[in-house]
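The values are calculated or read from the model by the stated rules, or taken from the named source; none is laboratory data. Values in this document were obtained by computation on a predicted structure and should not be read as measured data. Methodologically, a virtual Cβ is constructed for each residue, glycine included, from the backbone with ideal geometry; neighbour enumeration extends over all protein chains shown. In case anyone asks, the SASA skips ligands and DNA or RNA and just uses the protein heavy atoms, side chains included. Shrake-Rupley method; radii C 1.70, N 1.55, O 1.52, S 1.80 Å.
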Amino acid sequence: MRARYGVPLGITAVATAGLLYSAGFEARSFRLRRVTVPVLPSGMRPLRVLQVSDIHMVGGQRKKQRWLRSLAGLRPDFVINTGDNLSDPEAVPEVLDSLGPLMEFPGAYVFGSNDYYGPRPRNPVRYLLEKASGRHGLNGNPPAVGVIHNPWEDLRDGFDGAGWLNLTNTRGILKVEGVSVELTGLDDPHIKRDRYARVAGGPSGSADFSMGVVHAPYLRVLDAFAADAYPLIMAGHTHGGQVCVPFYGALVTNCDLDTDRVKGLSTHTAEGRTSYLHVSAGCGTNRYTPVRFACPPEATLLTLVGRE
């Protein structure tokens, strides 16, 4: 009996322990990542930017809500929200309440697919199959049917009412204590809502600093921003791989970005021009896969400093 069942029971025990850890502890072990990025014109004072992404709020997530409210204590110069705030159509009030203290600061946002549509149960193996086939989201796949429509308009109205800039396929300028920051944003490429032609042409030159903002870091978008000479691009969507292999890293990015750049600071080059790219691992998960492993939830405080 021992020889026959010992190994399967041992594997089951290890798998159960891993699931309990990834869902019960790591998925709720919120962290702050700090990054310094040399992108500002020489002589310009540093700017502190807080990026929050992929909150995927579900009703009753009190610890996440308390942690988000506490981020206001960092007192950033401005806030960038890179989308996927919702994983529950009833959670808009909790998102706005959690981000309320941060909305006292200048800010801007783009939406992700989960702001528009509710999640559905999904076999995690499909992410590996999509990576192998190069088909992600609606890019190359049939349009989604029978989806839940989230009340994204209420979320938009809450952000707009607080004075945050809506960067849906448009540009905007933030005034931060005498410094002007031009932001160029796109709607979510994961569901083919990006319209780069509307904002093409690069920084206008009318601001002290310019950057690009998008939810999902698809290569076509990164190529466009980099070719147009944006010094910095900020994105989310990947969850940092969400379930990673220790000492190896992420298996998937849920887009066509390579796994080496699934989270954190890197660079992207197109047409001979190079931009810094920051991808947030986000602070939530899809409500149907509430696990993280070797990839804790996070927000990022980026300190932008002068170029060397």
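Taking all protein chains together and a 1.4 Å probe, the residues MET234, MET103 rank MET103, MET234 from largest to smallest accessible area. Per residue, the accessible area of the chain comes to 45 Å² when a 1.4 Å probe rolls over the protein heavy atoms.
Solvent-accessible area assigned to carbon and sulfur over the stretch 64-187 amounts to 54 percent, based on a 1.4 Å probe. Rounded to the nearest 5, what % of DSSP beta bridges with both residues in the chain are antiparallel? Within the chain, antiparallel bridges account for around 45 percent of the total. In this Cβ point-charge picture (+1 for Lys and Arg, -1 for Asp and Glu), the chain has a dipole of about 1060 debye about its Cα centre.
Taking only protein heavy atoms and a 1.4 Å probe, the accessible area of the stretch 208-308 is 52% carbon and sulfur.
Rolling a 1.4 Å probe over the protein heavy atoms leaves THR269 with an accessible area of roughly 80 Å².
For the stretch 235-308, the ratio of Cα radius of gyration to the globular rule of thumb 2.2 N^0.38 Å stands at 1.20.
Applying the Kirkwood pairwise sum to the alpha-carbon positions of the stretch 99-217 produces a hydrodynamic radius of 16.2 angstrom. Its alpha carbons give the chain an Rg and a Dmax of 19.5, 76 Å.
Comparing ASN286, GLY201, PHE247 along the charge dipole axis of the chain, the residue lying farthest to the positive side is PHE247, per the Cβ-charge model. Membrane-span-like helices in the chain, defined purely by DSSP H runs whose alpha carbon atoms cover 18 Å or more axially and whose average Kyte-Doolittle hydropathy reaches -1.0, are 2-24.
All distinct Cα pairs of the stretch 26-92 go into the 1/r average, and the inverse of that average, the Kirkwood radius, is 13.9 Å. Overall, the ratio between the Cα radius of gyration of the stretch 34-191 and 2.2 N^0.38 Å, rounded to two decimals, is 1.14. Counting only DSSP beta bridges whose two residues both lie in the stretch 158-308, roughly 55 percent are antiparallel. For ASP154, the accessible surface of its heavy atoms amounts to roughly 80 Å² (probe 1.4 Å, protein chains only, rounded to the nearest 10).
Ranked from largest to smallest solvent-accessible area, with a 1.4 Å probe on the protein heavy atoms, ILE233, ILE191 come out as ILE191, ILE233.
Report note on the peptides 169-177, 138-146: ranked by the mean count of other C-beta atoms within 10 Å, highest first, their order is 169-177, 138-146. The slack in the chain from ALA197 to SER70, taken as 0.36 nm per residue of separation less the alpha-carbon distance, amounts to 41.9 nm.
Note on ARG126: accessible area approximately 120 square angstrom, rounded to 10, probe 1.4 Å, nucleic acids and ligands left out. How far is the Cα center of the stretch 72-97 from the Cα center of the stretch 247-308, in Å? What the calculation gives is 19 Å, centre to centre. Taking all protein chains together, TYR276, TYR116 sort by accessible area into TYR276, TYR116, largest first [probe 1.4 Å]. Only residues of the stretch 75-93 count here: report those whose backbone N is under 16 Å from the spot 7 Å along Cα→Cβ of ASP154, or say none. Inside the label zone: 85-93.
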